[in-house]
Amino acid sequence: MSSERAAVELAKGVNGLEKIIIHETRGSSAEVYLYGGHVTSWKNEHGEELLFVSSKTLFKPPKPIRGGIPLCFPQFSNLGPLESHGFARNKFWSIDTDPPAFPTNSSSKEHIDLILKPSEEDMKIWPHSYEFRLRVALGPGGDLMLTSRIRNTNSDGKPFSFTFAYHTYFSVSDISEVRVEGLETLDYLDNQKNRERFTEQGDAITFEGEVDKIYLSTPTKIAILDHERKRTFVLRKDGLPDAVVWNPWDKKAKAMADFGDDEYKHMLCVEAAAIEKPITLKPGEEWRGRLELSAVPSSYCSGQLDPQRVLQGS
Ligand code: TA6
């Protein structure tokens, strides 16, 4: 990295919204907006963008940013009285200048710490005091890590419960050529069928229409294979038992103002989540949910790549 460019820099983004850019020595980078604590870019060492952000998204509060990694907290989707996916994604976060020590060795990685705490106004919508700390880190190999630490700071002794998701939008070459491995034979709730419970078939998941499923108690590792780009995304998660798979396809795409009609062909959401069993915290207790994303080159022609090797590999 050229000496003059800092590893972590504050910059002005779209519409003057503040963002932090994290640079990793070998060339990978990530961008996080203070608006929503929202990662909007993750690039590999070749400068290739790995996340999808809609060309129609407005970057205009209070509208959430369409793409990247929205944070769904304290409510996933409409599973509660709050707005869809809760409010964390349309709040202004602050840089956490004094984060509590981190257990893992992520201090060695380029990172930024953000924090969200409720205002008096917020407490009227969700009557709980909390501290939501988010660390966004880039590993030497360009892996992107998000660690959320949510603490109940209620002084009235009250516990609170929440559901959560890292609503990651992966950039893919052609959705009809993408396979998801690691969710075979699992139970899921189908959002298109009133969250009725079904069991997934035994093969990799492929896409030929709208998909909106909450997979329950999944393995900690899921692979997304983009054959055309010879790229495999490996999603590792901790403290997040469930995974949501979403592609709106053509009709829903047309119905979303902040989403291009054909953009469904180039994105797939695979979301590390805690939905089926809401997390409950007593005052003083803290929950941790970690997401680690890697993009590995994969030469998938005539069955050379064994996805199981990706899933069982180190
Ligand atoms: O995570 C899948 C999902 O819950 C879908 O049902 C769809 O609504 C999507 O999220 C986008 O939600 P949003 O509130 O961002 O429009």
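The values are calculated or read from the model by the stated rules, or taken from the named source; none is laboratory data. Everything numeric here is computed off the predicted structure, so don't read it as measured data. Cβ sites come from the backbone with ideal geometry, for glycine too, and all protein chains shown count toward neighbours.
Of the residues making up the stretch 110-125, those that are surrounded by 19 or more Cβ atoms within 10 Å (Cβ to Cβ) and either hydrophobic (A, V, I, L, M, F, W, C) or in contact (Cβ under 8 Å) with a residue 40 or more places away in the chain (or both) are E110, H111, I112, L114, L116. Within the stretch 240-255, the set of residues being in contact with a Ser or Thr (Cβ under 8 Å, 6 or more places away or on another chain) and farther than 21 Å from R179 by Cβ comprises P241 only. Considering the stretch 186-217, and only residues there that are part of a strand (DSSP E or B) and of a type in the set (S, T, Y), the residue that is farthest from D143 (Cα to Cα) turns out to be T199. Please verify whether L50 is away from the ligand (no atom under 16 Å from the Cβ), touching a residue at least 60 places away in the same chain (Cβ under 8 Å) and surrounded by 15 or more Cβ atoms within 10 Å (Cβ to Cβ), treating the condition exactly as stated. Considered against the rule, which asks whether it is away from the ligand (no atom under 16 Å from the Cβ), touching a residue at least 60 places away in the same chain (Cβ under 8 Å) and surrounded by 15 or more Cβ atoms within 10 Å (Cβ to Cβ), L50 comes out as yes.
Of all residues in the stretch 190-207, those that are modelled with pLDDT under 95 have Cβ atoms under 8 Å from Cβ atoms of residues that are outside any strand (DSSP E or B) and surrounded by 12 or more Cβ atoms within 10 Å (Cβ to Cβ), 6 or more apart or on another chain, in Q201/E184; G202/E184; D203/E184; A204/E184; A204/P307.
In the stretch 202-217, what residues are among the hydrophobic types (A, V, I, L, M, F, W, C), within 13 Å of the ligand (Cβ to nearest atom) and farther than 18 Å from F52 by Cα? Scanning the stretch 202-217 gives a single hit, I214. If you filter the stretch 218-271 down to residues that are on the phi > 0 side of the Ramachandran plot and in a loop (DSSP other than H, G, I, E, B), you find that the one that is nearest to the ligand (Cβ to nearest atom) is G239. The residue pairs whose first member lies in the stretch 68-88 and is under 20 Å from R151 (Cα atoms), whose second member is within 8 Å of the ligand (Cβ to nearest atom) and among the aromatic types (F, W, Y), and whose beta carbons are closer than 9 Å, counting only pairs six or more residues apart or on different chains, are H85/F76; G86/F76. Among the residues making up the stretch 172-221, those that are under 24 Å from H46 (Cα atoms) and among the β-branched types (V, I, T) are V172, I175, V178.
Looking across the stretch 156-171, the residues that are within 16 Å of the ligand (Cβ to nearest atom) and either assigned to a loop (DSSP other than H, G, I, E, B) or within 16 Å of the chain's Cα centre (by Cα) (or both) come down to T163, F164, A165, Y166, H167, T168, Y169, F170.
Every condition in (1) within 15 Å of the ligand (Cβ to nearest atom); (2) at negative phi; (3) not charged (D, E, K, R) is met by N194 except one, and the failing one is (2).
The residue of the stretch 272-292 that is nearest to the chain's Cα centre (by Cα), among those that are in a strand (DSSP E or B) and small (G, A, S), is A272.
Residues that are surrounded by 14 or more Cβ atoms within 10 Å (Cβ to Cβ) and small (G, A, S) were ranked within the stretch 172-191; the one that is farthest from the ligand (Cβ to nearest atom) is S173.
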